[in-house]
Amino acid sequence: MREINHFIGGASFTGASGRFSDVFNPNTGEVQARVQLATAAEMDRAVQTAQDAFDGWSSTNPQRRARVMFEFKRLVEANMDELAAMLSAEHGKVIADAKGDVMRGLDVIEFACGIPHALKGEYTWGAGPGIDVYSMRQPLGVVAGITPFNFPAMIPMWMFGVAIAVGNTFILKPSERDPSVPVRLGELMIEAGAPAGVLNVVHGDKTAVDAILTHPKVHAVSFVGSSDIAHYVYQMGAQHGKRVQAMGGAKNHGIVLPDADMDQVIKDLSGAAFGSAGERCMALPVVVPVGKRTADELRERMVAEIPRLKVGVSTDPDAHYGPVVTAAHRAKVAGWIEKGVQEGAELVVDGRDFSLQGHENGYFMGPSLFDNVTPEMESYKEEIFGPVLQIVRAASFEEALHLPSRHQYGNGVAIFTQNGRAARDFAARVNVGMVGINVPIPVPVAYHTFGGWKRSAFGDTNQHGMEGVKFWTKVKTVTARWPDSELEHADSSFVIPTMQ
Ligand code: NAD
C-alpha cells in the first residue's frame, strides 16, 4: 500500500505514530493509499524546523521573497496536468474543475508576488516638531493552516501564499482525505527557492490539530472546514494566545426575482448547485424564487435540465461532476435527503439510486431537487454539501431577503434580476459576507478578500487580499524625534505627550 509521508524541512518525513487514514479513490471505492497521522511530538519537530528557518526567511528582503513566489507560480503552472490529475483522483472533482482549484490558488500566489508593495507601511513626516511617525508590518513567526478536503490546492495557497510572502514560516495540516496535492505544493515551493523549513506539510487528525492549537511557538492559525470544528479551533487557539481566523460551513441562497433572465438562471443554478457534486462552500444549494409564477417556471425548467447533467468518473472530459469524496459522505448526504422527505419537503428528483455502470462501487450521486422546503426544516437549516438543490418559495422580495439574512450561515448569496435598484438594495441589506449580483458563485478575486459572516466564519479578518496581509503580520509603529539642534533639549514632561 502506498504511504503518504509528511514533508518537513524540505524533505519527505516518515512518521512513526503507527496511525494512518485511508485515502480512497472515489471513482472506484478502493483504498489507493494511506496517509500518516502525526503525533504531537512530530508536530513539535515540524514547528521547530519552521522556527529554525524563520530568522533567515523573515530577514530576506520582500522582493527576493516575491521572486520565490513568481517561480512557484511558474512551477505550479508547468505541473498543472499532474496536479489536477492527482487532485481529481483523491477528491473526485472532474479534471477541468481540479484545474480551476489550482488556478484559484495561483491567483493568490500572483497577489503574493506583489508583496513588497503591500508591506510598504505608512509614514508621516512632521507629526510634531522634528517628529516623524512610521509603521511597518512584520511577520509573526511560525504560523499554521488547517484545510478542508474540498479545495486541496486553492485553500492551502490562500493561506501559505500570503503568510510566507510576508516572511512567516508555515505548517500546513491538510485534509487527510486528499493529502497528495498539498505535499506536492510543498515540494514545488522548495524547488522554487524557498529555504527548507519555510513550508512544511504535516498530516493528521485531531491530535495534530490540537498540537498546533496548543503549541507555544505557533503564533497564528488559519482554519477552513465545518462550523463546529471552526468554532472549536477558534476558541482553543485564542485560549492559547494565538491569532485565529476560522472559516466554517455554508448554506448559500440564490434569490430569483420575477424579472430575472431565466435561461441564464437555469444554467447558473445547475453549475452552482451540482458542480463539484455540491461540495463547495460557495455552492448554491438553496434557490428562492419570488412569486408563484417564477417558482413554477423555475421548477419546471430545473426538472427538464437535470437529466442533461452528466455524472461520470472524474477523468471523463464530458462529465459535469464526479463522485462525492467518501462513502461516509455519500451516506450523510443521502441521510439529509431522507430527512427532507420526512420533514414534508417534496422530493421532485431523487438522485440517491444513481449508479454508474462499471463503477458501481464509486461514490456517485445523481442530482436531487426538492420543492416546498420551508425555513423550519432541519434539512434547510443545516449544510448538506452534496448534489442537492432545495427550492424555498418566497412571496415577496422582503421575504426572500430575510431568508439568507436570518439563516445561521452567512457565507455567500446571489440575486438574479435585471433591476439594478433591487440588486443594490439587496446587496446593502442582506446579512451575508459575500454577495453575487447575477453571479452564482461570488468568490472574490484574490486582491479582494474572502470571508463569510455568522457561523460561516469566526474571527475578524478574511482570507487573502489586504485582509490576509493584516492577518499574517503585526504592525509596529515608530515615533522618532530628531531635534533641530543638539542644544535644543526638551524639558521633562509629566503629562501625556500631545501635538498641541
Ligand atoms: P472538516 O471540518 O471535517 O475538516 C477540516 C479540517 O479539520 C481537516 O484538516 C480535518 O483534518 C480537521 N478536523 C477534522 N475533525 C477534527 C476535529 N475533531 N478536531 C480538530 N480538527 C479536525 O471539513 P471538511 O469536511 O474537510 O470540509 C468541508 C467543510 O468545509 C464544509 O462545511 C464546507 O462548507 C467548509 N468549507 C468552508 C469554506 C469557507 O471558506 N467558509 C471553504 C471550504 C470549505
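The values are calculated or read from the model by the stated rules, or taken from the named source; none is laboratory data. What you are looking at is a predicted structure, and each value in this text was computed from that prediction instead of being measured. Neighbour counts are summed over all protein chains in view; Cβ atoms, including those assigned to glycine, are modelled from backbone coordinates with ideal geometry. These accessible areas exclude ligands, DNA and RNA; they are computed on the full protein's heavy atoms, side chains included. Shrake-Rupley method; radii C 1.70, N 1.55, O 1.52, S 1.80 Å.
How much of the accessible area of the chain, in percent, comes from carbon and sulfur atoms when a 1.4 Å probe is used? Here carbon and sulfur together make up 52 percent of the probe-accessible area. When each of the peptides 338-349, 473-484 is scored by the mean number of other C-beta atoms lying within 10 Å of its residues, the order from highest to lowest reads 338-349, 473-484.
With only alpha-carbon pairs counted, each pair once and no self-pairs, how large is the Kirkwood hydrodynamic radius of region 77-223 in angstroms? Taking the inverse mean of 1/r over all distinct Cα pairs, region 77-223 comes out at 16.5 Å. Measuring between alpha carbons in the structure, the pairs from LYS93/LYS251; LYS99/LYS310; LYS217/LYS476; LYS206/LYS332; LYS267/LYS454 lying more than 25 angstrom apart are LYS267/LYS454. Its alpha carbons considered, region 166-211 gives a radius of gyration followed by a Dmax of 11.2, 32 Å. In plain terms, the chain from ASP132 to ARG429 could stretch by 102.7 nm, reckoned as 0.36 nm per residue minus the Cα-Cα distance. Applying 1/(1 + (r/R0)^6) with R0 = 22 Å to the Cβ-Cβ distance of GLN239 and ALA41 gives a FRET efficiency near 0.50. The stretch between PHE494 and HIS117 holds 131.7 nm of extra length on full extension. This uses 0.36 nm per residue minus the Cα-Cα distance. Accessible surface for the chain, divided over its residues, is 42 Å² per residue with a 1.4 Å probe. Give the residue from VAL35, ILE229, GLY312 lying farthest towards the positive end of the charge dipole for the chain; charges sit on Cβ (+1 for Lys and Arg, -1 for Asp and Glu) and the dipole is referred to the Cα centre. Projecting each Cα onto the dipole axis, the largest value belongs to ILE229. From the largest down, the chain spans 87, 59, 39 angstrom on the principal axes of its Cα atoms. Give me log10 I(q)/I(0) at q = 0.19 Å⁻¹ for region 320-431, Debye formula, one equal scatterer per alpha-carbon, no solvent. Each listed q corresponds, in turn, to -1.02. Restriction of the GluC sites (Glu not before Pro) in region 349-448 to DSSP coil positions whose beta-carbon has at most 16 other beta-carbons within 10 angstrom yields GLU360, GLU376, GLU382.
Under 20 Å from a label point set 7 Å out along the Cα-to-Cβ vector of ASP228, the amide N atoms of region 318-357 belong to 325-340.
Taken along the Cα-to-beta-carbon direction at a fixed 7 Å, the label points for GLU376 and LYS476 span 6.0 nm. Taken over region 107-149, the ratio of Cα radius of gyration to 2.2 N^0.38 Å equals 1.80. Judged by the mean number of other Cβ atoms found within 10 Å, the most tightly packed of the peptides 386-396, 229-239, 198-208, 415-425 leads the ranking 198-208, 386-396, 229-239, 415-425. Close amide-amide hydrogen proximity is noted between PHE354 and GLY366, each under 5 Å apart and 5 or more residues distant or on a separate chain (H modeled in the peptide plane; Pro and chain starts excluded).
Viscosity 1.306 mPa s, temperature 10 °C: what is the translational diffusion coefficient of region 150-273 from Stokes-Einstein with a Kirkwood Rh over Cα pairs, rounded to a whole number of µm²/s? My calculation gives 96 µm²/s for D.
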